[in-house]
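Here's the structure we're looking at; comments come further down.
All of the numbers you see were taken from the coordinates with simple rules; none came from a lab. Small disclaimer: the values here were computed from a predicted structure and weren't measured. Heads up, the Cβs are rebuilt from the backbone with ideal geometry, glycines too, and the neighbour counts pull from every protein chain shown.
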Amino acid sequence: MKIIFVALLALLLITTAAMAQDIAAPQQSRPEISAPSPRQIAPVKEQPHRFWDRTNGWLFAGVGASRTLDYFSTLNMRRRGCQEILLSNEAVDNHAAFAVIEAAGTGVSIGASYLFHRSGHHKLERWTSIVHLSLATTGAARNYSLKTVQVSATPVP
């Protein structure tokens, strides 16, 4: 739960910083600038997109798949005797609670992308999912690459 809280707090700070604007001080003397003719102005072709477009659909599916991979890799890691770093072992060993945590992580990622979409930060909207997908997949690969902890059957004096 600490990780989710820290992630939400970091997302809130990033969103607030991205939306902040500086107020420019008025300038005393401005040089005369003539307005360009309409033929000189190139129209800006900024095409707004729907939130649930094809790209976001694939990105959100990728985030869900990478979180599912992380779920199974973490359970595999725990079965091999390794300790969980980010969550408590009790949370991971409770499979239903751990599945809810993973699903909530996917939901938070989609929610953060939606906030960026609504505020007009469309690049950040896409990058939120890309970074989340990459980190979850990297974590799953790390979990599978850990060596199995060998537990001896007889206690060592």
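Each residue of the range 111-116 was assigned a 3J(HN,Hα) from its phi angle through the Karplus expression (A = 6.51, B = -1.76, C = 1.60, θ = phi - 60°), giving x, 5, 4, 5, 4, 5 Hz with x at Gly and Pro. One decimal place: the segment Asp93-Ala10 gains 27.2 nm when fully extended, by the rule 0.36 nm per residue minus the C-alpha distance. A simple spin-label model places the labels of Arg80 and Trp127 3.4 nm from each other, with each point 7 Å out along Cα-to-Cβ. Highest mean packing first, where packing is the average number of other Cβ atoms within 10 Å per residue, the peptides 97-103, 126-132 line up as 126-132, 97-103.
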